[in-house]
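Visitor: For reference, the structure I am asking about is given below.
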Amino acid sequence: MSLFSKQNKEAFINPLNLDNPILVQVLGICSALAVTSQLKPAIVMGLAVTIITAFSNVIIASIRKTIPMRIRIIVQLVVVAALVTIVSQILKAVAYDVSVQLSVYVGLIITNCILMGRLEAFAMMNKPWPSFLDGVGNGLGYALILVIVGAFRELLGRGSLLGFQLIPQSVYDAGYMNNGMMTMPAMALILVGCVIWVHRAYFYKEK
Amino acid sequence: MEHIISLFFRSIFVDNMIFAFFLGMCSFLAVSKNVKTSFGLGMAVTFVLFVTVPVDYLLQTKVLGPNCLIEGVDLSYLSFILFIAVIAGITQLVEMTVEKYSPSLYSALGIFLPLIAVNCAIMGASLFMQQRINLDPSNTQYIGNVADAVVYAIGSGLGWTLAIVLMGAIREKMQYSDIPKPLQGLGITFITVGLMAMAMMVFSGLKI
């Protein structure tokens with residue numbers, strides 16, 4: 001078993017496109033929509049979820065043989081909750097403004113279905129290393145969608161990216177206006193709908 | 001009294017769990033295929049909220065808050081683990097009750113009944129409650145005692161039920177419409193929810 005065998009590669013690559021957690025598995029929608037009104041919180045959220053998915057996958061995969069079947073959900077929840085508490089404390093210490101912006105959605109990573117879904121479907125029956133790759137892959141697949149939606153919403157809604165003004169003042173003087181609708185929650189849903197549309201049309205073929 | 005009424009209506013229409021905060025989207029998208037199951041799940045979620053939010057409120061104010069258990073110690077960083085344990089326990093109870101008294105609803109809800117434990121709406125309501133304790137008492141969103149917590153929980157639950165029942169009704173009709181192939185299923189559902197959320201924004205200007 002080499003470290004990057006074909007199977008391991010698939011566990012890492014598939015979630016980025018063909019088995020994307022948001023677009024195909026329909027997991028973890030809630031936080032994906034709520035944190036994407038600007039690019040920066042979207043990136044931070046994506047990273048946080050990637051780290052937590054990877055490490056909870058490793059922990060559960062390494063103790064999977066000792067967990068009794070009947071209480072596995074509780075065990076999984078406790079592992080995830082502990083990791084989320086750590087990440088949320090670190091966020092508060094390192095990037096306080098982002099943690100205020102994300103508000104309850106950091107805590108809601110616990111109930112993010114991606115975590116439970118990957119733990120149940122993958123980590124419970126695989127070794128720690130492939131589980132780690134699977135966790136990182138799924139986390140990045142999730143982050144990818146967040147970044148796409150966040151970039152669109154910030155660019156069209158505020159004319160900036162990561163806080164830097166991209167659309168010059170002269171364009172505003174000529175009559176261009178920011179689309180305030182983009183910063184509203186409703187547009188996140190419609191944008192994700194459009195992303196799914198494009199993905200289904202060009203990349204993903206249903207069997 | 002006035003505060004309770006405005007809190008109740010605010011949590012149904014303005015701070016709607018689905019349309020304003022996107023909480024509980026996973027089960028919302030998966031179960032809203034027809035009105036009957038939607039209503040059943042909505043009621044189950046409302047019930048779990050009704051029990052968990054007051055319990056979590058008491059935990060937060062009597063055990064976890066600053067200077068509650070031990071003088072000078074703030075335990076609120078433990079809130080994630082404690083809240084999720086309360087929620088998981090109560091969901092287990094609801095599951096056993098539904099299985100005993102309404103087997104048809106139990107089989108219709110299937111996997112989504114145990115998944116209420118990881119429904120973001122439940123955890124979200126507890127976390128919002130935790131934030132709202134620190135608000136100014138004159139704010140309509142303020143939660144100051146157990147009664148407020150109960151009203152907030154029922155209001156959010158009913159708001160969630162309203163959203164999922166409406167969605168179920170629309171999806172029943174939508175089966176007969178002609179939708180471009182790649183947009184069928186998930187894509188059109190998202191766009192529909194987006195349009196509904198836009199319609200619900202009408203309420204956000206209300207002063208109640």
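Visitor: Show me the helices (runs of 4 or more DSSP H) entirely contained within segment B:1-105 in which 1 or more residues are touching a Cys at 6+ places or on another chain (Cβ under 6 Å), open to solvent by 50 Å² or more (accessible area, probe 1.4 Å) and not acidic (Asp, Glu).
Guide: Values: elements: B:2-9, B:25-31, B:35-58, B:79-101.
Helices (runs of 4 or more DSSP H) meeting the threshold: none at all.
Visitor: Right, something else. Out of all the residues in segment A:101-135, which are without any contact (Cβ under 8 Å) to a residue 60 or more places away in the chain and away from every other protein chain (no Cβ under 11 Å)?
Guide: Result: A:ALA121, single match.
Visitor: Please tell me if A:ASN138 is more than 14 Å from every other protein chain (Cβ to nearest Cβ), of a type outside the set (D, E, K, R) and within 16 Å of the chain's Cα centre (by Cα).
Guide: Details: more than 14 Å from every other protein chain (Cβ to nearest Cβ): yes; of a type outside the set (D, E, K, R): yes; within 16 Å of the chain's Cα centre (by Cα): yes.
Answer is yes for this residue.
Visitor: Would you confirm whether or not segment B:117-124 contains a residue that is of a type in the set (S, T, N, Q) and away from every other protein chain (no Cβ under 12 Å)? Steps first, please.
Guide: Here is the first cut: in segment B:117-124, the ones of a type in the set (S, T, N, Q) are B:119.
This time we only want the ones that are away from every other protein chain (no Cβ under 12 Å), so: none.
No, segment B:117-124 contains no residue that is of a type in the set (S, T, N, Q) and away from every other protein chain (no Cβ under 12 Å).
Visitor: Return the residues of segment A:60-72 that are surrounded by fewer than 20 Cβ atoms within 10 Å (Cβ to Cβ), in a helix (DSSP H, G or I) and either aliphatic (A, V, I, L, M) or in contact with a Gly (Cβ under 7 Å, 6 or more places away or on another chain) (or both); say none if nothing qualifies. Write out each step before concluding.
Guide: As a first pass, look at segment A:60-72 and keep what is surrounded by fewer than 20 Cβ atoms within 10 Å (Cβ to Cβ): A:62-72.
Imposing the further condition that a residue be in a helix (DSSP H, G or I) reduces the set to A:62, A:69-72.
Correct list: A:MET69, A:ILE71.
Visitor: Then there's this: Taking segment A:9-28 as the search range and keeping residues that are touching a Gly at 6+ places or on another chain (Cβ under 8 Å) and assigned to a helix (DSSP H, G or I), which one is nearest to A:ILE110 (Cα to Cα)?
Guide: A:PRO15
One line per residue, one yes/no per condition, for (1) away from chain B (no Cβ under 14 Å); (2) within 18 Å of the chain's Cα centre (by Cα); (3) within 15 Å of A:ALA42 (Cα to Cα); (4) surrounded by 12 or more Cβ atoms within 10 Å (Cβ to Cβ):
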{"site": "A:LEU156", "(1), (2), (3), (4)": "yes, no, no, yes"}
{"site": "A:LEU161", "(1), (2), (3), (4)": "yes, no, yes, yes"}
{"site": "A:MET181", "(1), (2), (3), (4)": "no, no, no, yes"}
{"site": "A:HIS199", "(1), (2), (3), (4)": "no, yes, no, yes"}
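Visitor: Next up: Does segment B:178-197 contain any residue that is part of a helix (DSSP H, G or I), open to solvent by 40 Å² or more (accessible area, probe 1.4 Å) and at pLDDT 85 or above? Even if it seems obvious, please write down each step before you answer.
Guide: Of all residues in segment B:178-197, those part of a helix (DSSP H, G or I) come to B:181-183, B:186-197.
Now restrict to residues that are open to solvent by 40 Å² or more (accessible area, probe 1.4 Å): B:181, B:195.
Okay, now just the ones that are also at pLDDT 85 or above, so B:195.
Scanning segment B:178-197 turns up at least one residue that is part of a helix (DSSP H, G or I), open to solvent by 40 Å² or more (accessible area, probe 1.4 Å) and at pLDDT 85 or above.
Visitor: How many residues are open to solvent by 10 Å² or more (accessible area, probe 1.4 Å), over 14 Å from B:CYS120 (Cβ atoms) and part of a helix (DSSP H, G or I) when one looks only at segment A:97-126?
Guide: Matching residues across segment A:97-126 total 9.
Visitor: So how many residues does segment B:5-21 have that are out of contact with any Phe, Trp or Tyr (no Cβ under 9 Å at 6 or more places or on another chain) and under 15 Å from A:LEU108 (Cβ atoms)?
Guide: Total meeting the criteria: 1.
The values are calculated or read from the model by the stated rules, or taken from the named source; none is laboratory data. What you see is a predicted model; the values in this text were computed from it and never measured. Glycine gets a Cβ as well: all are built from the backbone with ideal geometry, and neighbour counts include every protein chain shown. The protein model used for the area step is the full one, side chains on, heavy atoms only, and it has no ligands, DNA or RNA in it. Shrake-Rupley method; radii C 1.70, N 1.55, O 1.52, S 1.80 Å.
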